């Protein structure tokens, strides 16, 4: 169904291009209909008939063939809107994009309240979790293995920042972030489930639980939310988290 309406819209665009004498636009739309249809057919074939025999095809994620048509389709929608509706009327452009930009700004502030709206290069991060990640990147060895709440990206004020991208260090598997990798590489499922399950009650962890992680996985550092855990020495702390 998703392919159907997109295919129909591209065919409409092709007819508009033919009527308006835009030969290149028409040709691109027609070619995109053909290439997208063939790509989806091959993707479905690989997913339904080849994947049960081998997981190799799943790793290619064949349905991503739709990404390029989506981008081109949105560009074409914008061009049609500008050409036939907005035209050269400044008030029409303002009436569309001013409320749109304001709505996007408001939703972004609601979604990521603990971060700057624009993170300029070289600007110190406002988010306390990112501050901790950057500190440990500069002050811990590259071979360090960290443990933190497997659902840390859902914690208040975290704003969905990934640990590995900012810290450039290894950590035990995360519940959300690493689940997608497990879906593509099923052989990792057992280890992923083991590491996540072993930290299921992270908020109630005591010193003995952290010692267990160190013995079982070789964890050398942990990140906990304030006020911390009794018995753990603190090497770094900010308003949200502590590194021990």
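Quick notes on this structure:
- Crossing angle, helix 67-81 versus the chain [Cα axis fit, 0-90 degrees, rounded to tens]: 50 degrees
- Residues 243, 28, sorted so that the one with the fewest Cβ neighbours within 10 Å comes first: 28, 243
- Sorted ascending by nearby beta carbons within 10 Å, beginning with the fewest, 202, 93 become 93, 202.
- Cα gyration tensor shape of segment 128-231, rounded if a/c is under 1.5, else prolate or oblate by comparing a/b with b/c: rounded
- Per residue, the chain reaches -16000 deg cm²/dmol at 222 nm when only DSSP H runs of four or more residues are counted, each adding -39500 (n - 2.57).
- Rounded, prolate or oblate (a/c below 1.5 giving rounded, otherwise prolate when a/b exceeds b/c) for the chain by Cα gyration tensor: oblate
- Look at where the Cα atoms of segment 186-244 and of segment 18-49 average out, and the two centres are 50 Å apart.
- For segment 179-244: relative contact order, % (alpha-carbon pairs under 8 angstrom, 6 or more apart): 22 percent
- Between 0 and 90°, nearest 10: helix 2-19 axis offset from the chain longest Cα axis: 40 degrees
- Taking 224, 182 and counting other C-beta atoms within 10 Å, the order from fewest to most: 182, 224
Coordinate-derived values only; no laboratory data. Predicted, not measured: the structure shown is a model, and the values here were computed from it. No Cβ is skipped: glycine too gets one built from the backbone with ideal geometry, and neighbour counts run over all protein chains shown.
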